[in-house]
Amino acid sequence: MLGNLKPQPPDKILALGKLFREDPRTDKIDLGVGVYKNAEGLTPVMRAVKTAEKQLWELESTKSYVSLAGDPAFSDVMIDLVLSDAVDRSTVAAAATPGGTGACRQGFEFVKMANPGARVFVSNPTWPNHTSILNYLGIEHVPYRYFDPETRGVDFEGMLEDLKGLKAGDVVLLHGCCHNPTGANLNLSQWQLVVDVLNARGAIPMIDIAYQGFGDGLEEDAAAARLVAASVPECLIAASCSKNFGIYRERTGLLMAVSSEPSSRGLNQDTLAFLNRQNFSFPPDHGARLVTMVLQDPDLRADWASELEEVRLGMLGLREQLAGELQRLSGSDRYGFLAQHRGMFSRLGTPPDMVERLRVEHGIYMIGDSRMNIAGLNARSVQVLAKAIIDVGG
Ligand code: LMR
């Protein structure tokens with residue numbers, strides 16, 4: 001029976017990481033998987049998280065189960081972080097999940113349970129694991145135009161045009177901020193126009209927010225999710241703590257189901273708990289507990305927010321350096337978009353053969369679609385990358 005298994009297509013982000021690790025060159029540069037790295041190339045445990053961890057070691061007296069939807073205190077702090085007072089708290093059902101990926105997976109299953117015929121519209125491009133999970137679950141997905149290869153910004157007209165194909169009950173997957181893989185984002189007036197289309201068509205938004213605090217700031221990055229949640233009858237939000245709390249391996253995320261119909265909350269909450277029980281039973285607790293402690297303690301929260309802000313400003317600085325260096329070397333402004341993009345990623349827009357040459361000839365690893373992790377750079381490697389891009393004909 002096991003012999004019937006067929007090989008599955010490798011995840012291109014993780015496959016690139018393997019190639020990088022196997023490359024013996026000592027000056028190689030990893031711009032692949034979305035993990036924050038400081039100027040020394042390290043992914044440190046954030047100060048406030050470390051302090052909370054010490055406190056937890058003293059305080060925690062049991063490792064017994066919590067509840068199927070996780071600790072309600074974790075849901076509360078995360079709902080507050082993402083939605084603030086955009087919606088009435090009594091309209092939000094929520095369940096902790098293993099990371100943001102777990103939240104997406106549970107969200108898609110939730111959609112399938114509620115409306116087996118729903119199609120999920122996804123940006124073209126989107127994070128490859130979105131479509132991989134949708135395929136795995138047998139959920140039809142439909143791409144909508146998003147990235148303009150000419151301007152490297154959002155093809156907003158194309159996007160609106162494609163969203164007009166939505167039918168009532170379809171779901172639209174939207175990146176709350178810091179679009180992965182492109183780095184190109186909608187402004188708030190564009191978000192409002194998207195909301196208008198969704199409401200006109202009776203479609204349901206599902207927002208994946210995995211990089212809150214990495215783009216324009218903690219509040220600014222949540223503005224779109226808040227606008228959407230406040231303006232539609234129902235929405236789903238998949239939030240991740242992996243990046244903004246730096247707790248990748250703790251697998252900490254939250255799926256929220258918001259319904260303006262207060263009587264729906266109970267059924268939504270029960271369904272989220274049921275889905276957790278079917279897939280993994282109780283969600284991981286350690287990371288969720290650390291996040292709760294950090295967000296509940298004013299000093300830890302302030303320290304976390306200021307470290308996150310340092311991380312954000314560091315990435316913005318690298319964007320500006322890279323755009324400036326490319327302007328100097330190319331004598332043109334054609335890479336100016338790098339400073340406009342937000343978050344961890346930018347899609348450079350170079351063709352796959354150039355991406356391959358960057359890897360083979362220069363030891364620079366970015367995803368084949370030319371997505372690069374800005375946080376993989378430092379002041380020195382920015383120069384190396386800029387020269388290499390020009391060298392391969394970019
Ligand atoms: C990424 O896009 O690189 C991250 O979200 C990490 C992952 O799991 O793919």
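Just so you know, all these numbers are worked out from the coordinates, no wet-lab data involved. Just so it is clear, the structure is predicted and the values come from calculations on it, not from any experiment. Using ideal geometry, Cβ is built from the backbone for each residue, glycine included, and neighbour counts are taken over all protein chains shown.
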Most fluctuating residue of N129, N378, N276 in a GNM of the chain with Cα springs under 10 Å: which is it? N129
Note on segment 163-240: the mean projected area of its alpha-carbon convex hull, in nm², is 4.8 nm²
Pull up the DSSP beta bridges for segment 65-296 and report the antiparallel fraction as a percent, rounded to 5. 45 percent
If you line up the Cα atoms of segment 65-296 on their principal axes, what length do they span on each, largest first, in Å? 50, 35, 33
Calculate how steeply helix 99-114 sits against the longest principal axis of the alpha-carbon atoms of the chain, using the helix alpha-carbon long axis, and give the answer as 0 to 90 degrees to the nearest 10. 50 degrees
List the residues, sorted by chain then number, that are 5 or more residues from S346 or on another chain and whose placed amide H is less than 5 Å from its amide H. M372, I374
log₁₀ of I(q)/I(0) at q = 0.13, 0.17 Å⁻¹ - segment 69-206, Debye sum with one point per alpha carbon: -0.61, -1.06
Estimated FRET transfer efficiency (A273, E22; beta-carbon r; R0 35 Å; 0.05): 0.25
How far apart, in nm, are two points set 7 Å out from the Cα along the Cα-to-Cβ line at R47 and at K164? 5.3 nm
Hey, what angle do you get for helix 298-330 against the long axis of the chain, alpha-carbon based, 0 to 90 degrees rounded to 10? 30 degrees
Running a GNM on the chain with Cα contacts under 10 Å, which residue among L188, L59, L318 ends up with the highest mean-square fluctuation? L59
Beta bridges by DSSP in the chain, antiparallel share as percent, to the nearest 5: 50 percent
Tell me, in nm to one decimal, what length is gained between N38 and S263 on full extension, where the rule is 0.36 nm per residue of separation less the Cα-Cα distance? 76.3 nm
Exposed loop GluC sites (Glu not before Pro) only (DSSP loop, at most 15 other Cβ atoms within 10 Å): please give the longest stretch of the chain free of them, not including the sites. 151-394
So for segment 215-277, using the alpha carbon gyration tensor with a ≥ b ≥ c as root eigenvalues (a/c under 1.5 gives rounded; past that, a/b versus b/c decides prolate or oblate), I'd call it oblate
222 nm mean residue ellipticity, helices alone, for the chain (DSSP H n ≥ 4; -39,500 (n - 2.57); rounded to 500): -15000 deg cm²/dmol
If you line up the long axis of helix 379-391 against the longest principal axis of the chain, both from Cα atoms, how many degrees apart are they, to the nearest 10? 60 degrees
Taking 45 Å as R0, compute the FRET efficiency from the Cβ-Cβ separation of V142 and N4 and round it to 0.05. 0.90
Looking at the chain, identify the longest residue range that excludes and avoids all trypsin sites (Lys or Arg not before Pro) in DSSP loops having at most 11 other Cβ atoms within 10 Å. 168-394
In a Gaussian network model over the chain where Cα atoms closer than 10 Å are linked, find which of Q55, Q321, Q190 has the largest mean-square fluctuation. Q55
Debye calculation, C-alpha points only, no solvent: report log10 I(q)/I(0) for the chain at q = 0.06, 0.09, 0.11, 0.12 Å⁻¹, in the same order as the q values. -0.23, -0.53, -0.81, -0.96
A correct fewest-to-most ranking of T182, T126, T43, T292 by other Cβ atoms within 10 Å would be T43, T292, T126, T182
Under the Karplus relation 6.51 cos²θ - 1.76 cosθ + 1.60, θ = phi - 60°, what is the ordered set of whole-Hz ³J(HN,Hα) values for segment 256-265, x standing for Gly and Pro? 10, 10, 9, 9, 6, 8, x, 6, 6, 4
What does the convex hull of the Cα atoms come to per residue for segment 1-109, in Å³? 248 Å³
With a/c under 1.5 counting as rounded, go ahead and sort segment 269-340 into rounded, prolate or oblate using the C-alpha gyration tensor (a ≥ b ≥ c being the square roots of the eigenvalues; past the cut-off, prolate if a/b is larger than b/c, else oblate). oblate
Charge dipole magnitude, Cβ of K and R +1, D and E -1 - segment 65-296, Cα centre, debye nearest 20: 640 debye
Where a label projected 7 Å from the Cα of E58 along Cα→Cβ would reach, residues of segment 296-320 with amide N under 20 Å: 296-304
Contour minus Cα-Cα distance for L193 and R334 (0.36 nm per residue): 47.9 nm
